[in-house]
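The values are calculated or read from the model by the stated rules, or taken from the named source; none is laboratory data. Note that this is a predicted model, so its numbers are computed, not measured. Using ideal geometry, Cβ is built from the backbone for each residue, glycine included, and neighbour counts are taken over all protein chains shown.
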Amino acid sequence: MRKRLVIALGGNALGNTPEQQLELVKSTAATIVDLVEEGYDVVIGHGNGPQVGMVNLAFEFSANNGGGTPAMPFPECGAMTQGYIGYHLQQAVGRELARRGLNTPCAAVVTQVVVDKNDAAFQRPTKPVGMFYSKDDAERIAAETGYTFVEDAGRGYRRVVPSPVPVKIVELPVVEQLVGMHSVVITVGGGGIPVIENGPGDYEGMAAVIDKDRASAKLALDLNADMLVILTAVEQVAINFGKPDQQNLSQLTISQARQYIKAGHFAPGSMLPKVESCISFVEATQGGTALITSLEKAREALQGHTGTLIVKE
């Protein structure tokens, strides 16, 4: 029986320009195809925080500075980034599969994810999108546009938008069919295009970004995946991160993870949603586990040599 993995790939790992992204996805594709070669069915969710902010800002700048283009609604910006990131990933993965002589299809699915219109997140924006700014530039743009900016993990200031909880993946039946054919599937890009459901088949886009780790955890649960794998910038989860007494963790139980969350060890815009997403998946499954590691160490981590494994107890 083939094991099913859902991999959440960070948007920041994909680069700041389409050209940079095309180069970076080559190493991403190699890692993914390593896992296919080892007999896993692989489903990929990815972030789009930098990309959706870039697309939205470009349209807005053009519309306000004589470019002759309309301002583009945020859900459409999300759909655009799903399309071009998915295109780059499926090209790179398809090329790597062919290079290794693997007859495995790869497809990207533009995916809508239902959220609750009464979600409190719409009153409290928290999800960073777009590029990093200095404090002065962030304050100037906020005054001009009404956007909300926050300092993001010591790297600068970024715009924040609402980040509602994913409720239902609209295209799940399509994804299930493709996975059943042992295809590599790229889906819930950028956490999925946030929509509210007004009636059967009647969906309305919302100006928000669903956290890609939470959407990937929902996807893993709905697909009965064996493992949720969150690939990020660090090899292992750590407590006292960045301090002299930093301690890397090879395994975390749900109860330990909650204790560390309560103690404030995981940054809200960084490791916290990753750990919380792993908890939600592991807690809701019978034998499912979750893994957090870096892209470069994914294969070693799945073999038990590194990474942080999240288990029930």
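Go over the candidates ASN224, ASN240 one by one and state the one that is surrounded by fewer than 18 Cβ atoms within 10 Å (Cβ to Cβ), touching a residue at least 60 places away in the same chain (Cβ under 8 Å) and among the polar types (S, T, N, Q).
It is ASN224.
Working only within the range 121-162, note down all residues that are assigned to a loop (DSSP other than H, G, I, E, B), modelled with pLDDT under 85 and out of contact with any strand residue (DSSP E or B) (no Cβ under 7 Å at 6 or more places or on another chain).
The answer is GLY146, ALA153, GLY154.
Hey, could you check the range 275-302 for residues that are within 12 Å of VAL234 (Cα to Cα) and charged (D, E, K, R) and say which is surrounded by the fewest Cβ atoms within 10 Å (Cβ to Cβ)?
GLU296
Out of the residues in the range 267-313 that are modelled with pLDDT of 95 or more and assigned to a loop (DSSP other than H, G, I, E, B), which is farthest from the chain's Cα centre (by Cα)?
HIS305
Against the conditions (1) within 25 Å of LEU24 (Cβ to Cβ); (2) buried (at least 20 other Cβ atoms within 10 Å of the Cβ); (3) modelled with pLDDT of 85 or more, where does PRO105 fall short? Just the number, please.
The single condition PRO105 does not satisfy is (2).
Would you pick out the residues in the range 139-173 that are small (Gly, Ala, Ser) and closer than 24 Å to MET206 by Cβ?
In the first step, residues of the range 139-173 are kept if they are small (Gly, Ala, Ser); the result is 142-143, 146, 153-154, 156, 163.
If the condition is that a residue be small (Gly, Ala, Ser) and closer than 24 Å to MET206 by Cβ, then ALA142, GLY146, SER163 are the ones that fit.
Among the listed residues GLY191, GLY205, GLY242, GLY201, which satisfies the condition of being small (Gly, Ala, Ser) and under 30 Å from ALA98 (Cβ atoms)?
GLY191
Hey, among ARG155, ARG99, ARG140, ARG95, which residue is under 30 Å from SER183 (Cβ atoms) and without any contact (Cβ under 8 Å) to a residue 24 or more places away in the chain?
It is ARG99.
Which ranges mark the strands (runs of 3 or more DSSP E) fully within the range 163-258 that have 2 or more residues being at pLDDT 95 or above and under 15 Å from ILE44 (Cβ atoms)?
Details: elements: 184-187, 193-199, 202-205, 227-232, 237-239, 247-249, 251-253.
Those strands (runs of 3 or more DSSP E) span 184-187, 227-232.
Scanning the range 1-27 for residues that are modelled with pLDDT of 75 or more and part of a loop (DSSP other than H, G, I, E, B), which turns out surrounded by the fewest Cβ atoms within 10 Å (Cβ to Cβ)?
Looking at residues that are modelled with pLDDT of 75 or more and part of a loop (DSSP other than H, G, I, E, B), I get ARG2.
A quick yes/no check of all residues on (1) free of Cβ contacts under 8 Å to residues at least 40 places away in the same chain; (2) over 20 Å from the mean Cα position of the chain (by Cα); (3) part of a helix (DSSP H, G or I):
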{"site": "ALA30", "(1), (2), (3)": "no, no, yes"}
{"site": "LEU35", "(1), (2), (3)": "no, no, yes"}
{"site": "GLY39", "(1), (2), (3)": "yes, yes, no"}
{"site": "GLY45", "(1), (2), (3)": "no, no, no"}
{"site": "GLN51", "(1), (2), (3)": "no, no, yes"}
{"site": "MET54", "(1), (2), (3)": "no, no, yes"}
{"site": "SER62", "(1), (2), (3)": "yes, yes, yes"}
{"site": "PRO70", "(1), (2), (3)": "yes, yes, no"}
{"site": "CYS77", "(1), (2), (3)": "yes, no, yes"}
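Checking the condition farther than 25 Å from ILE193 by Cα, touching a strand residue (DSSP E or B) at 6+ places or on another chain (Cβ under 6 Å) and surrounded by fewer than 16 Cβ atoms within 10 Å (Cβ to Cβ), which residue from GLN251, GLN259 passes?
On the way: GLN259 fails: touching a strand residue (DSSP E or B) at 6+ places or on another chain (Cβ under 6 Å).
Testing whether each residue is farther than 25 Å from ILE193 by Cα, touching a strand residue (DSSP E or B) at 6+ places or on another chain (Cβ under 6 Å) and surrounded by fewer than 16 Cβ atoms within 10 Å (Cβ to Cβ) leaves just GLN251.
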